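One structure is given here, and the rest of the page talks about it.
The values are calculated or read from the model by the stated rules, or taken from the named source; none is laboratory data. Just so you know, these numbers come straight off a predicted model, no measurement behind them. Heads up, the Cβs are rebuilt from the backbone with ideal geometry, glycines too, and the neighbour counts pull from every protein chain shown.
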């Protein structure tokens, strides 16, 4: 059983489209995150949710909207995709503030053409 | 602004030697610091956590040190193996609830 699963694994889409990435964790963790890893491999936090409540919202364009229907799911919807959105997006989860580490999904490689 | 720096150059070592990776941070007072391993095409995997009041932490062949005066953490892999080849990321955690990652150091262990 995959602990943190993301779908899809690959996403190729045209500029201007709207797309969603789904994430689910079966670890019973109460906090979930979205990170973006760019071509230079920097891993940057985008959002964090704790028990369905948004607790971290970094400087991310409002075209990105996270949604957490329950504490096991955190989806990411992106409107009006731009070339610069191309990256690998990772979902992660942790218990509380993550003192036992974060568990990451395998990533979604988004390519905007 | 808060900054994390890891060895930017890839580290190439011979099998059996000790690999030492450096993580320096500025404008931070992390409550703890984590180390992760990332293989190509995969998400980071948690390895070790060290708290601000701990000087050293060990797990099997891994050892992490944390010097809050120097604002530095060192990550050691003893008796390195080719299977240890990967990118290693350090991640200080601040009181704002954020785990911020360095850009990683790519380690290559040659047989």
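Numbers below:
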item	result
Search result, residues across the stretch B:9-68 that are at pLDDT 95 or above, away from every other protein chain (no Cβ under 14 Å), more than 15 Å from the chain's Cα centre (by Cα) and surrounded by 13 or more Cβ atoms within 10 Å (Cβ to Cβ)	B:13, B:15, B:17
Residue tally, condition in contact with a strand residue (DSSP E or B) (Cβ under 7 Å, 6 or more places away or on another chain) and within 14 Å of residue A:38 (Cβ to Cβ), over the stretch A:57-101	10
Single unsatisfied condition, residue A:25 versus (1) under 25 Å from residue B:103 (Cα atoms); (2) in contact (Cβ under 8 Å) with a residue 24 or more places away in the chain	(1)
When residues of the stretch A:16-26 are limited to those that are in a loop (DSSP other than H, G, I, E, B) and over 15 Å from residue A:106 (Cβ atoms), the one nearest to the chain's Cα centre (by Cα)	A:18
Residue in the stretch A:42-55 that is at pLDDT 95 or above and closer than 22 Å to residue B:97 by Cβ present	no
Inter-residue pairs, beta-carbon under 7 Å, first free of Cβ contacts under 8 Å to residues at least 40 places away in the same chain and in the stretch A:1-19, second surrounded by 12 or more Cβ atoms within 10 Å (Cβ to Cβ), 6+ apart	A:1/A:26
Cβ pairs under 7 Å, 6+ apart, first in the stretch A:49-76 and farther than 18 Å from residue A:104 by Cα, second modelled with pLDDT of 95 or more and not in a strand (DSSP E or B)	A:63/A:79; A:63/A:80
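For every residue, the table says whether it meets (1) within 12 Å of chain B (Cβ to nearest Cβ); (2) within 15 Å of the chain's Cα centre (by Cα).
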{"position": "A:44", "(1), (2)": "yes, yes"}
{"position": "A:50", "(1), (2)": "yes, yes"}
{"position": "A:55", "(1), (2)": "yes, yes"}
{"position": "A:62", "(1), (2)": "no, yes"}
{"position": "A:74", "(1), (2)": "no, yes"}
{"position": "A:79", "(1), (2)": "no, yes"}
{"position": "A:82", "(1), (2)": "no, no"}
{"position": "A:92", "(1), (2)": "yes, yes"}
{"position": "A:96", "(1), (2)": "yes, no"}
